[in-house]
Amino acid sequence: MTDGTGYSIGEGPATRVSLSLPEGTAEAIRQRVGRREFSAFITAAVERELRGQILDEYLAEYERRKGPVSAQEQERARQVFDEVFAEEGQWPAAS
């Protein structure tokens with residue numbers, strides 16, 4: 001999914017933006033990752049949020065077209081996520 005620039009989430013050159021955070025949130029990030037990794041932490045968090053919103057939108061549209069996802073289908077999806085992402089060390093197991 002591109003945003004009109006030809007880049008997908010997580011792609012393209014870095015661009016400087018300004019944002020405001022509560023000081024407590026900013027300090028918690030600094031303590032967790034240090035000053036040098038602050039931007040990388042924010043980038044990863046924003047990318048996760050965007051992908052989550054896209055997935056939510058997709059699932060809502062799917063359920064509008066096909067009806068609710070059954071418990072069995074949800075469990076199978078968990079298994080697929082666990083198998084694919086846990087192997088790559090990129091996703092905590094959902095189980």
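List of remarks:
- Every pair of residues 6+ apart whose Cβ atoms lie under 8 Å, when the first sits in segment 71-83 and is of a type in the set (Lys, Arg) while the second is loosely packed, with under 10 Cβ neighbours inside 10 Å and outside any helix (DSSP H, G or I): ARG78/SER95
- Scanning segment 5-27 for residues that are of a type in the set (Asp, Glu) and modelled with pLDDT of 95 or more gives GLU23, GLU27.
- Test: LEU59 is exposed (fewer than 10 other Cβ atoms within 10 Å of the Cβ), of a type in the set (A, V, I, L, M) and either at negative phi or out of contact with any Pro (no Cβ under 8 Å at 6 or more places or on another chain) (or both): no
- Out of ARG30, ARG64, one residue alone is assigned to a helix (DSSP H, G or I), surrounded by 10 or more Cβ atoms within 10 Å (Cβ to Cβ) and at pLDDT 95 or above. It is ARG30.
The values are calculated or read from the model by the stated rules, or taken from the named source; none is laboratory data. Everything numeric here is computed off the predicted structure, so don't read it as measured data. A quick note on method: Cβ atoms are made from the backbone with ideal geometry, for glycine too, and the neighbour counts reach across all protein chains shown.
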